[in-house]
Amino acid sequence: MDSLIEEKSKRLMQLCSSLSPQHLDHHRLVPGPLKFQAGVQRDDKRILLSNVADFLVTSNKKIKPFIDATATQKLSLPNIFPLSQLVSLEAHHFYQFNDIFRK
């Protein structure tokens, strides 16, 4: 692993440990690279995000959020129409989601 990535990885682990040391399961640190995907739906668009992680940190309990999201719930967002929040994502392989489940 690149020394800069290794330093950042160690720093991230320190931050995770300082936030919730009692919740981290240090026996389940999985070294990478790990490929994983997450499916999300935004309005009427379905998106599959493909990612690569240098390592995976697991927890035996749900970790508390970094911030209180309710503090910003009443703030209004500007209307950026016709811009899309997906504009910077590269589009690849247009498939129907149900295609992968057909026999």
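The values are calculated or read from the model by the stated rules, or taken from the named source; none is laboratory data. On a predicted model such as this, the values are computed, not experimentally measured, just so you know. Positions of Cβ are generated from backbone atoms using ideal geometry, with glycine treated the same way; all protein chains shown enter the neighbour counts.
Points to keep in mind about this one:
- Residue within region 61-72 that is among the polar types (S, T, N, Q), more than 16 Å from the chain's Cα centre (by Cα) and at pLDDT 80 or above present: yes
Residues checked against (1) closer than 21 Å to GLU6 by Cα; (2) at pLDDT below 70:
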| site | (1), (2) |
| --- | --- |
| PRO21 | yes, yes |
| LYS45 | no, no |
| THR58 | yes, no |
| ALA91 | no, no |
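- Test for SER50: is it loosely packed, with under 11 Cβ neighbours inside 10 Å, touching a Lys or Arg at 6+ places or on another chain (Cβ under 8 Å), of a type in the set (S, T, N, Q) and modelled with pLDDT of 75 or more: yes
- Reported count of residues in region 50-65, each being more than 12 Å from SER17 (Cα to Cα) and not in a strand (DSSP E or B), is 5.
- Qualifying positions in region 51-79 - farther than 28 Å from GLN37 by Cβ and not basic (Lys, Arg): ASP68, THR70, ALA71, THR72, GLN73, LEU75, SER76, PRO78, ASN79
- The one condition from (1) surrounded by fewer than 10 Cβ atoms within 10 Å (Cβ to Cβ); (2) in a loop (DSSP other than H, G, I, E, B) that LEU89 does not meet is (1).
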